[in-house]
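A.B. asks: First the structure, then my questions, so here it is.
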Amino acid sequence: MMILFIFIVSLCLSWRGTLSKPTYTDAVRSDGIGYYSYLPAIFIYHDPTFSFTDSLVTKYPNLYGMGGTAFCNVIGGKRVDKYFIGESVLAAPFFLVAHLTAKISGQPADGFSLLYMIAVTIASIFYSCLGLFFLMRFFRRTGMRDRHITFILFLVYWATNLSEFAMWEPSMSHAYSFAMVSAFIYVAQSLFLSFRKKDLLWLGFLLGLITIIRPVNILVVLLLPFLAGNKETFFLFLKNYIRNPLWLIGSKLVFIAVIFIQLLAYKIQSGHWYVYAYTKEGFNFAKPHFWQCLFSYTNGAFVYVPLLFICLLGIIPVLRKNLFRGISFLVFFFILIWVISSWWYWTYAGAYGMRPLVEFIPVFAILLGELLLSIGTILRWTSALVVFLPLTALLQFQLWQYKNGIIGWMDMTKEKYWKIFLQSGDQFMWINTEPPMQDVPANAVKVISRGFYFDQPDPLVYPYFFLDPDDKHKSFVVRMGVPENNSPLIIGTIGDLTSDTTLDLNDLWCDVSLNCRVNTGNTDASLIGTIQHGDSTMSWFGYPLIRQIDEKYQWKNVHYFYKAPAVLKRSDRFVLKIEKQDEGEFKFDDLVISFYRLK
């Protein structure tokens, strides 16, 4: 019943929070774009180069926020999706149902319309609940009472960031990995109880799926001594299958068969059976950020999901009961944290908490079960009321803070964390989401500049926007008081910005600046810009203005400085727009587009 409750509530919350809004494409974003894009590439566009994304940037700007194929790297002159295909393999049935429904109903069958986003969200919640199901079966085999299991499942979902990736970031791979790791643990338990040979084949299959979702998760094999329960069972397992190597070979063949899916994807994309698609991104095992990974205010696991720390205390009764099992877990845990904290971007920013640990929450749940069973009934339920339920409320509140920019997705510090702790006022919203503006370098020489001051009609300014007199600033400014997502503000060509027909337009940098003011203390307004060549979008940027204009009634100049496409033509078109979803009043004026050449 708990799993069904979680499934239904999650669907309702995700619909209300994401899918019912105009920007429902947030269901697929960030790294999730790369994980998901295999599906439309294979089943709709038949395009292993992912070139189809170029035409989707303007249609779904929130989706391809980093550019059409920013999730790809160029290897040997060919585009290769740097993310792995496992999530798409598991999500394929949901995608195909959405695609068939779109065709039958006449909805856009482009892989990214609302029906597909619903499918992505349902898939993520389904696999999260599937992981909970295997966890439930695991605990029932241990003889744990149903009420204890129900309580643990409740905490696993609502008191950790699993709920974040199930509902709010469903295209990320972590919910899928959580399900497969849970299944692996359950099958391993079955194997050690009965030594059935078919369980060994299932382990090979699941390990293959775990690997092609996120390869680092292959570390789950290090859990086998812990899951065996004791030294005698583990070594008996090794002895049985060393004496009967055919089943071990069969398990390895099943594993390789699943891995072949990823290798085939590489072959089709690059012409090679294997490439390192992350190119320059990698691990530095000599310089792990071990303690920061656990305790840092920048996504530290125990800071943002304190339940994990309490779960870790379960190692104490485990060590008391069986030293071999306890040491086996500690070895696994040490290696796991060492590896994930050695990644070049060890904070894994862009999500709430240390997201690479989401898939291993089932292991923490096992320790939590051991901890709860080691304390008396009165203390157990007292701790539920005094510790676990408040921690659940805290985590869900902080997830709300994260979704509203109070907790930033990167660069959080101790000072920032305690300044916004338990704060929910408008003055705190969206203040920790973006890094400061990048100044125009001192060695930059301005070669093009065009201002838009809105005091009189301009052929490049879209007439939709309301010009409003403002005596405190200038004669007219642009006022936005309602949500706006689609209408462009300025449309023109590069040639419209300068009359110099001989100007070299190669290797330029662009700066877009404007004066802004809010009357309500905050806004979710963003400056959106594209440069297009024919039907292709050559560059795209989306710059949230929220952090820069957090003072009421104060005009402030903000700007965005970025590298323009290497080669520009006078006929290339640029489009600027201001997007906002809130209804607070937002004004802006004096928008200037400038191009620079660095000396």
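The values are calculated or read from the model by the stated rules, or taken from the named source; none is laboratory data. Predicted model only: the values in this text are computed from it and were never measured. Cβ sites come from the backbone with ideal geometry, for glycine too, and all protein chains shown count toward neighbours. What goes into the accessible areas is simple: the full protein's heavy atoms, side chains included, and nothing from ligands, DNA or RNA. Shrake-Rupley method; radii C 1.70, N 1.55, O 1.52, S 1.80 Å.
A.B. asks: Please identify the pairs in which a residue from the range 229-253 that is within 27 Å of Val363 (Cα to Cα) has its Cβ atom under 7 Å from the Cβ atom of a residue that is assigned to a loop (DSSP other than H, G, I, E, B) and modelled with pLDDT under 90, counting only partners at least 6 apart or on another chain.
C.D. replies: Short answer, once both residue conditions are applied: Phe237/Phe195; Asn240/Phe195.
A.B. asks: Could you give every pair whose Cβ atoms fall below 6 Å, whose first residue belongs to the range 106-132 and is in contact (Cβ under 8 Å) with a residue 24 or more places away in the chain and at negative phi, and whose second residue is of a type in the set (D, E, K, R) and part of a helix (DSSP H, G or I), counting only separations of at least 6 or pairs across chains?
C.D. replies: Partner pairs satisfying both residue conditions: Ala109/Lys103.
A.B. asks: Test Asp524 against the criterion of being within 21 Å of His559 (Cα to Cα), modelled with pLDDT under 85 and either in a strand (DSSP E or B) or open to solvent by 10 Å² or more (accessible area, probe 1.4 Å) (or both), and give yes or no. Step through it out loud before you land on a result.
C.D. replies: Details: within 21 Å of His559 (Cα to Cα): yes; modelled with pLDDT under 85: yes; either in a strand (DSSP E or B) or open to solvent by 10 Å² or more (accessible area, probe 1.4 Å) (or both): yes.
Spelling it out, Asp524 is indeed within 21 Å of His559 (Cα to Cα), modelled with pLDDT under 85 and either in a strand (DSSP E or B) or open to solvent by 10 Å² or more (accessible area, probe 1.4 Å) (or both).
A.B. asks: Give the range 1-22 a look and list any residue that's under 20 Å from the mean Cα position of the chain (by Cα), surrounded by fewer than 17 Cβ atoms within 10 Å (Cβ to Cβ) and either at pLDDT below 85 or β-branched (Val, Ile, Thr) (or both), or say none. Walk me through it before giving the result.
C.D. replies: As a first pass, look at the range 1-22 and keep what is under 20 Å from the mean Cα position of the chain (by Cα): 10-11, 13-22.
Checking the rest, the ones that are also surrounded by fewer than 17 Cβ atoms within 10 Å (Cβ to Cβ) come to 13, 15-17, 20-22.
The answer is Trp15, Arg16, Gly17, Ser20, Lys21, Pro22.
A.B. asks: If you take the residues of the range 84-111 that are surrounded by fewer than 20 Cβ atoms within 10 Å (Cβ to Cβ) and of a type in the set (D, E, K, R), which of them is modelled with the lowest pLDDT?
C.D. replies: It comes out as Asp110.
A.B. asks: Another one. Would you tally the residues in the range 175-231 being out of contact with any Ser or Thr (no Cβ under 9 Å at 6 or more places or on another chain), assigned to a helix (DSSP H, G or I) and polar (S, T, N, Q)?
C.D. replies: Going through the range 175-231 one residue at a time, the tally reaches 5.
A.B. asks: Out of Phe126, Phe138, which single residue is at pLDDT 95 or above and surrounded by fewer than 24 Cβ atoms within 10 Å (Cβ to Cβ)?
C.D. replies: Details: Phe138 fails: surrounded by fewer than 24 Cβ atoms within 10 Å (Cβ to Cβ).
Answer to the check: Phe126.
A.B. asks: Consider only pairs whose beta carbons are under 7 Å apart and that are at least six residues apart or on different chains; among these, list those whose first residue lies in the range 324-339 and is over 18 Å from Arg214 (Cβ atoms) and whose second residue is crowded, with 21+ Cβ neighbours inside 10 Å and β-branched (Val, Ile, Thr).
C.D. replies: Qualifying pairs under 7 Å: Arg325/Val318; Gly326/Val318; Phe329/Val318.
A.B. asks: Could you tell me whether any residue of the range 252-267 is open to solvent by 70 Å² or more (accessible area, probe 1.4 Å), assigned to a helix (DSSP H, G or I), of a type outside the set (Ser, Thr, Tyr) and over 22 Å from Ile42 (Cβ atoms)?
C.D. replies: yes
A.B. asks: Does any residue in the range 207-228 that is more than 13 Å from Tyr186 (Cα to Cα) come within less than 7 Å, Cβ to Cβ, of a residue that is not in a helix (DSSP H, G or I) six or more places away or on a different chain, and which pairs are these?
C.D. replies: Ile212/Phe84; Ile212/Ile85; Ile213/Phe84; Ile213/Ser173; Arg214/Phe84; Arg214/Ser173; Pro215/Phe84
A.B. asks: In addition: Checking Asn161 against (1) farther than 30 Å from Lys252 by Cβ; (2) open to solvent by 30 Å² or more (accessible area, probe 1.4 Å), which single condition isn't satisfied?
C.D. replies: Looking at each condition in turn, Asn161 falls short on (2).
A.B. asks: Test Ser374 against the stated conditions and say whether it is of a type in the set (Ser, Thr, Tyr) and either touching a residue at least 60 places away in the same chain (Cβ under 8 Å) or surrounded by 16 or more Cβ atoms within 10 Å (Cβ to Cβ) (or both). Don't jump to the end; show me each part of the working.
C.D. replies: Details: of a type in the set (Ser, Thr, Tyr): yes; either touching a residue at least 60 places away in the same chain (Cβ under 8 Å) or surrounded by 16 or more Cβ atoms within 10 Å (Cβ to Cβ) (or both): yes.
Spelling it out, Ser374 is indeed of a type in the set (Ser, Thr, Tyr) and either touching a residue at least 60 places away in the same chain (Cβ under 8 Å) or surrounded by 16 or more Cβ atoms within 10 Å (Cβ to Cβ) (or both).
A.B. asks: Which one is nearest to Phe154 (Cα to Cα), of the residues in the range 274-313 that are open to solvent by 70 Å² or more (accessible area, probe 1.4 Å) and charged (D, E, K, R)?
C.D. replies: My answer is Lys287.
A.B. asks: Got a sec? Which of Ser182, Ser171, Ser190 is touching a residue at least 60 places away in the same chain (Cβ under 8 Å) and within 26 Å of Phe234 (Cα to Cα)?
C.D. replies: Details: Ser171 fails: within 26 Å of Phe234 (Cα to Cα); Ser190 fails: touching a residue at least 60 places away in the same chain (Cβ under 8 Å).
Criteria check complete, one pass: Ser182.
A.B. asks: Here is a follow-up. Restricting attention to the range 32-53, which residues are crowded, with 20+ Cβ neighbours inside 10 Å and either at pLDDT below 85 or not in a loop (DSSP other than H, G, I, E, B) (or both)? Before the answer, list the steps.
C.D. replies: Start the filter on the range 32-53 by keeping residues that are crowded, with 20+ Cβ neighbours inside 10 Å, which leaves 32-41, 50, 53.
Result: Gly32, Ile33, Gly34, Tyr35, Tyr36, Tyr38, Leu39, Pro40, Ala41, Thr53.
A.B. asks: Here is a follow-up. Are there any pairs, at least 6 apart or on different chains, whose C-beta atoms fall under 8 Å, with the first in the range 480-493 and at pLDDT below 80 and the second loosely packed, with under 15 Cβ neighbours inside 10 Å and not in a loop (DSSP other than H, G, I, E, B), and if so, which?
C.D. replies: Every condition considered, the pairs that remain are Met480/Phe466.
A.B. asks: Moving on. I'd like the residue in the range 314-341 that is of a type in the set (Val, Ile, Thr) and open to solvent by 40 Å² or more (accessible area, probe 1.4 Å) and, out of all such residues, is farthest from Gly376 (Cα to Cα). It would help to see each step written out before you state the result.
C.D. replies: Quick first cut of the range 314-341, residues of a type in the set (Val, Ile, Thr) only: 315-316, 318, 327, 331, 335, 337, 339-340.
Subset that is open to solvent by 40 Å² or more (accessible area, probe 1.4 Å): 316, 327, 331, 335.
Numbers: Ile316: 15, Ile327: 25, Val331: 29, Ile335: 33 Å.
So the residue we want is Ile335.
A.B. asks: So in the range 572-599, with the set limited to residues that are part of a strand (DSSP E or B) and acidic (Asp, Glu), which one is farthest from Met480 (Cα to Cα)? Step through it out loud before you land on a result.
C.D. replies: Here is the first cut: in the range 572-599, the ones part of a strand (DSSP E or B) are 573-580, 586-598.
After this cut, where a residue has to be acidic (Asp, Glu) as well, the list is 579, 589-590.
Details: Glu579: 10, Asp589: 12, Asp590: 15 Å.
Out of the qualifying residues, it is Asp590.
A.B. asks: So, one more: Among the residues in the range 371-390, are any in contact with a Phe, Trp or Tyr (Cβ under 8 Å, 6 or more places away or on another chain) and within 25 Å of Gln292 (Cβ to Cβ)?
C.D. replies: No.
A.B. asks: Also: Could you grab me the full set of residues in the range 555-573 that are open to solvent by 80 Å² or more (accessible area, probe 1.4 Å) and of a type outside the set (D, E, K, R)?
C.D. replies: Listed by number, the residues that qualify are Val567, Ser571.
A.B. asks: Could we say that Pro457 is part of a loop (DSSP other than H, G, I, E, B), modelled with pLDDT under 85 and open to solvent by 60 Å² or more (accessible area, probe 1.4 Å) here?
C.D. replies: On the way: part of a loop (DSSP other than H, G, I, E, B): yes; modelled with pLDDT under 85: yes; open to solvent by 60 Å² or more (accessible area, probe 1.4 Å): yes.
Yes, satisfied.
A.B. asks: Now for a different question. If we keep just the residues of the range 60-83 that are on the phi < 0 side of the Ramachandran plot and over 21 Å from the mean Cα position of the chain (by Cα), which is modelled with the lowest pLDDT?
C.D. replies: The first filter runs over the range 60-83 and keeps only residues on the phi < 0 side of the Ramachandran plot, leaving 60-66, 68-75, 78-83.
Restricting the remaining residues to those that are over 21 Å from the mean Cα position of the chain (by Cα) gives 74-75, 78-79.
Numbers: Val74: 86, Ile75: 90, Lys78: 90, Arg79: 89.
The residue in question is Val74.
A.B. asks: When you look at Gly204, is it farther than 30 Å from Tyr276 by Cβ, in contact with a Phe, Trp or Tyr (Cβ under 9 Å, 6 or more places away or on another chain) and of a type in the set (Gly, Ala, Ser), yes or no? I'd like the intermediate steps shown before the answer.
C.D. replies: On the way: farther than 30 Å from Tyr276 by Cβ: no; in contact with a Phe, Trp or Tyr (Cβ under 9 Å, 6 or more places away or on another chain): yes; of a type in the set (Gly, Ala, Ser): yes.
Answer is no for this residue.
A.B. asks: Another one. For residues that are more than 14 Å from Phe84 (Cα to Cα), among the hydroxyl-bearing types (Ser, Thr, Tyr) and modelled with pLDDT of 90 or more, tally how many sit in the range 235-269.
C.D. replies: Total meeting the criteria: 1.
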